[in-house]
Amino acid sequence: MKKALTLALGILTSVGGFFDVGNIATCTQAGARFRFQLIWAMLLATIVVIFLVEMSGRFAAVTGKALPDAIREHFGFGFWLVPFVILTLIHILVIAAEIGGMSFALHLVTGLPLPLFALPSAILVWLFLWRSTFSAIENSTSFLGLITLCFVAAAVWLRPPIHEVLRGSLPSMPSGSAANYWYIAVSIVGAVIAPFLFYFFSSGAVEVGWDRSYIPVNRAVAVIGMGFGSVISIAAIIVAGAVLAPRGIRVDDFHQAALMLTQAFPHWGFALFAVSMGVACFGAAVEVALSTSYTFAQTFGWNWGEDLDPAEDARFTLVYTVSLFVGSLFVLVGFDPLKLTLLTMFISAAVLPFVAAPMLLLMNDRMLLRDASNGIISNIAAALIVVMTLVLAVVSIPLAVMGGS
Amino acid sequence: MRRLYFFFAIALLACSHKTADQQLIDAADPAASWMATLQLTGEKWLDNSVPSSFVRATIGAAQKAFDKTSGTIAQSQARKELRDEIKRELETARAAAGDLQQAIEKNDRRTATGAVRRFAEASAALQRLQQQKNRE
């Protein structure tokens, strides 16, 4: 019974947690610019993230250790230092992007200038982290995140041409600028395979006390949860492709994306977009801030745990406090939230080899994982993931120059 | 790795070789997108689907894009007729944006409807230029 509940909650968490500012930005850009042609990028990224999340959960369930902790212990502090620094920078940028998304949602609702909401958004996230337990965070943000299912409802209501949607599930030559097409494809991959996701997932599994008996639950959560989450993102591509693309509206600013639900829901669409964005970004900001603290605490061997009283893990608490404050500064000084998000997603894709490779190496350690180490299928997938992330890292800079405008 | 980036730099230069006319039409693309955005925003305001504050903010964001395109036109080496045509559509959109702004302050639905129609015409004119360029 407990495991069934864990499974249900895990799936809900994944559905609610999958969709964040990165997905909103990249999916709406993809749909508005190339209609349904980039659905394949989302499908590819989903398959990769399912493998990575499954591995990180399995690792935590078998060893009782979270990934940063294990990588540092296994390969040494010197080896972990580079991924740790990169991961920390990405964490801060993602927090800034999520706070930007929350602030934009509040700007939509109130009409007040966006930077005004930077600090209040950060304080809201901080208060939630300060007062809540891990389970409360996991459950409440995931239930609230279900509002993003409105994108699926809109996609169904709009009745897109099925043959075009299916054709978009396979890679094809772009109908417009090739550089922009590949730039958005790489950004989609960066938005879905967020490095914080698997580090957070493994730390969360340790926090709630998963053991070997949770391996099947972990697998189901990874496949079903991420699969459903991906459906919401694909729905966002479809809605943007059906509403914005035919009118020649590109998404150069979140104001343009805010109109996408008004065709399916004339009186609620605008509010639904604002609430979806606010809730999705709030949930993601909470997860990323926690992930930053987990990574720091496990790297330096501090006390850690969201269920502990802040006085018991003061340094853990200090890390998310500082991260949220620094993240909010980006929005406060006037960084455009969409540009900040796209840049962050792009950098996320470029640094994937540094954060994914140590984990994939560890998953093959038979001394540590015994019969739960990677099998042939997982290793083939891991090899393909490493190759894909290396290609992304190499092509990212020229693509950013050519297609980022 | 250096060779690889050198290769990409060469490819970048090769790809970026466009005529001044093509460069100007590309630079006007965001402006066309903003005109279409203002058209949809105006339509949704007339349907009571979006609040006035959102229309105001969207007009502000569009004006920045129009300013940027104006700057590009001023520096462009493209044919004069092309520059004049884009400038004309841009001025139409600017004037319509001003009218829409006033219309929402006064809740004047007739003026707003007129502004929406002018956004549609200006956006269609720029999109036609883009299509012509793609055919050439």
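The values are calculated or read from the model by the stated rules, or taken from the named source; none is laboratory data. Quick caveat: nothing in here was measured; it's all calculated off a predicted structure. All Cβ positions, even for glycine, are placed from backbone atoms using ideal geometry, and neighbour counts span all protein chains on display. Surface accessibility is based on the protein's heavy atoms, side chains included, excluding ligands, DNA and RNA. Shrake-Rupley method; radii C 1.70, N 1.55, O 1.52, S 1.80 Å.
So how much slack lies between A:THR110 and A:ALA357, counting 0.36 nm per residue of separation and subtracting their Cα-Cα distance, in nm?
Here the answer is 84.5 nm.
Add -39500 (n - 2.57) for each DSSP H run of 4 or more in chain A, then divide by its residues: what number comes out at 222 nm, to the nearest 500 deg cm²/dmol?
Roughly -24500 deg cm²/dmol at 222 nm, from the helical runs in chain A.
Run through the stretch B:49-136 and list the trypsin sites (Lys or Arg not before Pro) located in a DSSP loop whose Cβ has at most 14 other Cβ atoms within 10 Å.
B:ARG79
Run the quick spin-label model on A:ASN364 and B:ALA74: label points 7 Å from Cα toward the beta carbon, then report their separation in nm to one decimal.
That separation, rounded to one decimal, is 5.9 nm.
With a point put 7 Å past each Cα toward its Cβ, work out how far A:LEU146 is from B:THR113 in nm, to one decimal.
4.3
Treating only the Cβ atoms of Lys and Arg (+1) and Asp and Glu (-1) as charged, compute the dipole magnitude of chain B about its Cα centre; round to the nearest 20 debye.
Computed about the Cα centre, the dipole is about 320 debye.
In chain A, which whole DSSP H runs stretch at least 18 Å along their own axis (Cα) and average 0.0 or higher on the Kyte-Doolittle scale?
Span-like helices, by this rule, are A:2-18, A:21-34, A:39-63, A:77-110, A:118-131, A:178-192, A:195-207, A:226-243, A:269-300, A:314-332, A:337-350, A:376-403.
Tell me the Kirkwood hydrodynamic radius of chain B in angstroms, computed as one over the mean inverse distance between distinct C-alpha pairs.
About 16.2 Å for chain B.
Provide a whole-number value for the mean count of partner chain Cβ atoms within 10 Å of the Cβ atoms in peptide A:253-263.
5
Take the residue pairs B:LYS64/B:LYS133; A:LYS339/B:LYS106; B:LYS44/B:LYS133; B:LYS80/B:LYS133 and return only those whose Cα atoms are more than 27 Å apart.
Checking Cα-Cα distances, A:LYS339/B:LYS106; B:LYS44/B:LYS133 exceed 27 Å.
Could you please state how large a percent of the accessible area of the protein assembly as shown is carbon and sulfur, counting protein chains only and using a 1.4 Å probe?
66
At B:ARG56 and A:LEU166, where each label point lies 7 Å from the Cα along Cα→Cβ, what is the point-to-point distance in nanometres?
Those two pseudo-labels are separated by 5.0 nm.
Show me A:216-224, A:270-278 ranked by packing, highest mean number of other Cβ atoms within 10 Å first.
With the highest mean Cβ count within 10 Å placed first, the list reads A:270-278, A:216-224.
At 0.36 nm per residue, minus the direct Cα-Cα distance, what do A:ALA153 and A:VAL208 gain on full extension? Give it in nm, one decimal, please.
This chain segment gains 16.5 nm when fully extended.
Need one value for B:36-45: mean number of C-beta atoms belonging to other chains within 10 Å of its residues' C-beta atoms.
Per residue, the number of nearby Cβ atoms from other chains is 5 on average.
Could you give the distance between the Cα centres of the stretch A:128-203 and the stretch B:67-96, to the whole Å?
38
Can you pull the mean other chain C-beta count within 10 Å for peptide B:56-62?
Neighbouring Cβ atoms belonging to other protein chains average 4 per residue here.
Using a 1.4 Å probe, what is the accessible area per residue for the stretch A:2-402, in Å²?
Here the per-residue accessible area is 36 Å².
About its Cα centre, what dipole magnitude does the stretch A:2-402 give when the only charges are +1 on Lys and Arg Cβ and -1 on Asp and Glu Cβ, stated in debye to the nearest 20?
860
For the stretch A:113-239, report the translational diffusion coefficient in µm²/s to the nearest whole number, using Stokes-Einstein at 10 °C, 1.306 mPa s, and a Kirkwood Rh over Cα pairs.
88
For chain A, taking Cα atoms only, what is the radius of gyration to one decimal and the Dmax to the nearest whole Å?
19.8, 59
Using a 1.4 Å probe and counting only protein heavy atoms, how much accessible surface gets buried when B and A come together, both sides summed, in Å² to the nearest 100?
Buried: approximately 2200 Å² between A and B.
With the calculation restricted to Cα positions, what are the radius of gyration and Dmax of the stretch A:274-395 in angstrom?
18.1, 51
Write down the Kirkwood hydrodynamic radius of the stretch A:172-213, to one decimal in angstroms, obtained as one divided by the mean of 1/r over all alpha carbon pairs.
It works out to 12.9 Å.
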